[in-house]
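The values are calculated or read from the model by the stated rules, or taken from the named source; none is laboratory data. Quick caveat: nothing in here was measured; it's all calculated off a predicted structure. Positions of Cβ are backbone-derived with ideal geometry, glycine not excepted, and every protein chain shown enters the neighbour counts.
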Amino acid sequence: MPRSHPFRISDFVQQIVGGLFVASPLVLTEETWRLADGMQIQHIMLTTAIVFVVGYALLYETDSQHNIGSDSDAGIGGVIPRRFVSLMLVAYLSVGLLAFAFAAPSTFEETPLETLRAVSICAIFSMIGAATADTILGQG
């Protein structure tokens, strides 16, 4: 059965809360930043692909409440659903915002590229939290 309501601001807020809840501890952990130091560009691309796949799978494949073809969710060009776009934004921007809000890049003496690496790691977990919160809390 498709989701009965269009994508709303409350859905977006649920995604933010879920993403921050799961990823927050990782953003501030030295181990995350040390792991990011060893990453190359191909690792960033791989983690980005993982974020896309995990987000899609959690939101559309494992949740029968969603209907990817529904008019209420068709967003960018009528093809890419708003719900998925917002998940991608939440996964990366919430982690990036947290990193800078707590001065993690300067605390761990990281460059912008190293910060991108750490954000790409944490975005995986942020996506899991955001998609899970949206799926569970957004069923009403």
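Residues that are touching a residue at least 40 places away in the same chain (Cβ under 8 Å), closer than 20 Å to Q40 by Cα and not in a helix (DSSP H, G or I) within the range 90-140 comprise F108, E110, listed in sequence order.
The helices (runs of 4 or more DSSP H) located wholly in the range 1-67 that include 2 or more residues which are of a type outside the set (A, V, I, L, M, F, W, C) and at pLDDT below 90 occupy 9-27, 41-56. The residue list A103, A130 contains one member that is crowded, with 20+ Cβ neighbours inside 10 Å and of a type outside the set (S, T, N, Q), which is A130.
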